[in-house]
Amino acid sequence: MSRFRQEWDLIPGAAFVIAGVVYLAYLALMGFVWLAGPMSAGDSIPPIIWGWFFVTAAVGILMALYVLLVGYVWADAKRRGMNSVLWVLLAIFIPNAIGIILFFILRDPLPVPCPSCQAPATAEQAFCACCGTAVRPACPQCRKPVQEGWTHCAGCGAPLEAATAGQ
Ligand SMILES: [Zn+2]
Ligand SMILES: [Zn+2]
């Protein structure tokens, strides 16, 4: 649960404001629709109409949650060193939340903090951009990050056994 809490705290305050505005605007719009439609017809409201009130409110909550999810995509993309503007646009404009689903499938791994200065280093970084400390094993020839178990560097083809054994 604390992990959820941690992720929830990522959502920027602006997303909560926009979600609230979207929710209220939607309710106001539906209020007008109701006043102009079913409620103008007579003074007694049949019970089935009350069911639709709840559906209306639930749809509004879903819309607000969607805004919060887009806010999360923005913050999470930024944290992972991805293109946050691009991912927010994909999340908003690809219908049926497919942009958001794609984000969760394709997102980069979380950056690791530099052991020396705590600055975040993304998966593409072998060295800290702030202080130059090595944050993960690197190819001795081209200095690109290499993964455990590789016998040769994927960037330049240099043999790696000595380099990874030393790390
Ligand atoms: Zn550092
Ligand atoms: Zn290399």
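Let's see how each residue does on (1) hydroxyl-bearing (Ser, Thr, Tyr); (2) under 18 Å from LEU24 (Cβ atoms); (3) in the same structural domain as ASP9 (by TED's automatic domain parsing); (4) surrounded by 18 or more Cβ atoms within 10 Å (Cβ to Cβ):
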{"position": "PHE53", "(1), (2), (3), (4)": "no, yes, yes, no"}
{"position": "GLY60", "(1), (2), (3), (4)": "no, yes, yes, yes"}
{"position": "ALA64", "(1), (2), (3), (4)": "no, yes, yes, yes"}
{"position": "VAL70", "(1), (2), (3), (4)": "no, yes, yes, yes"}
{"position": "ALA77", "(1), (2), (3), (4)": "no, no, yes, yes"}
{"position": "LEU89", "(1), (2), (3), (4)": "no, no, yes, no"}
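A Cβ distance below 6 Å, combined with a sequence gap of six or more or placement on separate chains, defines the contacts here; from segment 65-79, residues that are more than 14 Å from VAL17 (Cβ to Cβ) reach residues that are part of a helix (DSSP H, G or I) and of a type in the set (Ser, Thr, Tyr) in the pairs ALA77/SER84; LYS78/SER84. Residue count for segment 91-117, restricted to those that are surrounded by 12 or more Cβ atoms within 10 Å (Cβ to Cβ) and on the phi > 0 side of the Ramachandran plot: 1.
Filtered by the rule that a residue be among the hydroxyl-bearing types (Ser, Thr, Tyr) and over 20 Å from CYS153 (Cα atoms), segment 111-132 gives a lone residue, SER116. Is there a residue in segment 85-106 that is without any contact (Cβ under 8 Å) to a residue 60 or more places away in the chain, within 26 Å of ARG3 (Cα to Cα) and within 16 Å of ligand 1 (Cβ to nearest atom)? Among the residues of segment 85-106, not one is without any contact (Cβ under 8 Å) to a residue 60 or more places away in the chain, within 26 Å of ARG3 (Cα to Cα) and within 16 Å of ligand 1 (Cβ to nearest atom), which makes the answer no.
Considering (1) within 29 Å of ALA15 (Cβ to Cβ); (2) surrounded by 16 or more Cβ atoms within 10 Å (Cβ to Cβ); (3) within 16 Å of ligand 1 (Cβ to nearest atom), the lone condition that ALA126 does not fulfil carries the number (1).
The values are calculated or read from the model by the stated rules, or taken from the named source; none is laboratory data. Predicted, not measured: the structure shown is a model, and the values here were computed from it. We place every Cβ from the backbone using ideal geometry, glycine too, and count neighbours over all the protein chains shown.
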